[in-house]
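Notes to accompany the following structure.
The values are calculated or read from the model by the stated rules, or taken from the named source; none is laboratory data. Computed from a predicted structure; not experimentally measured. When we count neighbours, we look across all protein chains shown, and the Cβ atoms used for this are built from the backbone with ideal geometry, even at glycine.
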Amino acid sequence: MQRLLGRLSGFLPAVVAGLLPIVFIPTASDTYILPRASLVIAGACLGVGLALLTQAGPRLGPLRWPLLAAAATAALAFAFSVSWPLSLAGSWTRYESLPMRLSYLGLLASAVWLLREQRHRDWVVAGFVFGTCVASLEGVQQWAAHVAFRPDGNLGNANLLAALVAMAVPLAVDRALRGGVFVLAWVAAIPVLVAGLLVTTSRSGDFGVLAGCLTLAVFATRGRLVIGAALTALWIMGIGVFGMLASPARVLNNDPPELRLHLWGDGLRMIAARPLTGWGEDATGLSFGHFLSQDYASLVTFDRIHSGPLDIAATEGVLGLAALGWVLLVLSRGAWRQRFDRDVGALSAALVGYTVWVLFNFDWAPATGMFWLLAGTLWSATGVGETLSPRGEGPHLRGVRGISATLLVLVAVAFAVLPVLADVWYLKGRADLAVRVDPLQARYHWAIGTVEELRKAADLGETEPDLYVQLGDREAQLGNRAAARRAYQRALQIDPYFSPAAQRLAALGG
């Protein structure tokens, strides 16, 4: 039984990789992001649980301590969070909570432990590229039918589709160049992916694909020529950046580079205010308003700094950023040393594609979960970690493994299954049922609408200023002028340019 479970568990990462680009739930209010966020958490919990039950498998090797450090700094950021409920449940449609950050690491570790054979890695790559092709075709269909300003392939955001394409194209190019029985399928996937990228009009996605393909070429170069290849790749990227800045593409989607520079400057001031442990997971939207120097609301969403490293530094501090950097450094060294091994160059190129993309965006489960899953697949392909041999264990240790696996299943139910159920009830107008199964999600308390529930939503760290205006209005109707003033002031702390709150506060004489 254990041997059969070990064989089947090797395909779990492929299932997650194939579903992340395409799964969505039309009967949920958050149709696109929440299902994929739940998939990331459930995939990590089940993957680690299966690894515990099957026992034998590759070790993490040099990645063990960096991963433990990253998990410890995430827990530390949660301990010092400005809103524990928000950091535990995650803000609605974002979900970059403590469980999510730990799940990213869990996806990497479980991929290393479960991908024991080459065919398992092949299925991960094939499943991911196929799923991204499906999402790209959906994006092209949306573009042709003019149903969306920026087609997103049912991912909920065009940049998310671009991130997936940035990772998928190098993988497809590598398999097409390698040849084999399915070479025509890999060749056909490339124009589909490129078409999906083009309809997103994502500049960061374009640069991600370019960087990924150039990395693929550098990793394939042997001898001293690799230095020239690397310098040439950097030169091509520089030319691309200069061309974008000098062309109409610099103001594409009403997002010129100057806006990002101002936003990043505000983000640095936020980081400097709490540099070590940050403000807590997913707490940017609750705290960023203190540091905004201009009104970005009509141009760029201001609940994120829109740069992955800066967003991590803001939520988990420089300690968290350093720990994750340690993980990536060890991963990069191992990949470079084994760069001529099968799949190492392609998987490294995919990770570089995402890395370039996230420099101008922020971590989000549909794309970031895939990044960490591919990172684990890469580490498995390098063969750096030693393989554990099956060995006899006493009943006590087997019992501990079984209990741990059961607890992980319960965690998956709590943070992956119940939030989806709550969101389905929320869409059906049963917010009263939603708060029973997901009591930490502020949006559902807000939907009930009573003063008590509005206060709960505020206490749970709702990041939308509209809630606090609504709460202030209700408090004012009840004659609680001091409470109403505090609610309006909190709305302005979240967004200092939110005029409804400012107008009401002025009317109160605040």
Among the candidates Ala148, Ala75, which residue alone is closer than 30 Å to Trp446 by Cβ, small (Gly, Ala, Ser) and free of Cβ contacts under 8 Å to residues at least 12 places away in the same chain? Ala148
Could you tell me which of the residues Gly317, Gly383, Gly376 is touching a residue at least 24 places away in the same chain (Cβ under 8 Å), buried (at least 22 other Cβ atoms within 10 Å of the Cβ) and at positive phi? Gly317
Give the residues of the range 455-473 that are buried (at least 18 other Cβ atoms within 10 Å of the Cβ) and assigned to a helix (DSSP H, G or I), sorted by residue number. Lys456, Ala457, Ala458, Pro465, Leu467, Tyr468, Val469, Gln470, Leu471, Gly472
Could you list, ordered by first residue, the pairs with Cβ atoms under 7 Å in which the first is in the range 118-135 and surrounded by fewer than 19 Cβ atoms within 10 Å (Cβ to Cβ) and the second is part of a helix (DSSP H, G or I), at least 6 apart or interchain? Phe130/Gly18
List the number of the failed condition for Ile227; all other conditions in (1) at pLDDT 95 or above; (2) more than 27 Å from the chain's Cα centre (by Cα); (3) under 19 Å from Ala335 (Cβ atoms) hold. (1)
Does the range 94-105 contain at least one residue that is among the aromatic types (Phe, Trp, Tyr) and not in a loop (DSSP other than H, G, I, E, B)? yes
Name, by its number, the condition in (1) out of contact with any Gly (no Cβ under 8 Å at 6 or more places or on another chain); (2) surrounded by 14 or more Cβ atoms within 10 Å (Cβ to Cβ); (3) in contact (Cβ under 8 Å) with a residue 60 or more places away in the chain; (4) of a type in the set (D, E, K, R) that does not hold for Asp295. (2)
Counting only residues that are assigned to a helix (DSSP H, G or I) and of a type in the set (S, T, N, Q), which one in the range 344-380 is modelled with the lowest pLDDT? Ser380
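Residue by residue, here is whether (1) in contact (Cβ under 8 Å) with a residue 24 or more places away in the chain; (2) of a type outside the set (Lys, Arg) holds:
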{"residue": "Val411", "(1), (2)": "yes, yes"}
{"residue": "Ala434", "(1), (2)": "no, yes"}
{"residue": "Asp459", "(1), (2)": "yes, yes"}
{"residue": "Arg490", "(1), (2)": "yes, no"}
Considering only the range 474-491, how many residues are of a type outside the set (Ser, Thr, Tyr) and surrounded by 20 or more Cβ atoms within 10 Å (Cβ to Cβ)? 5
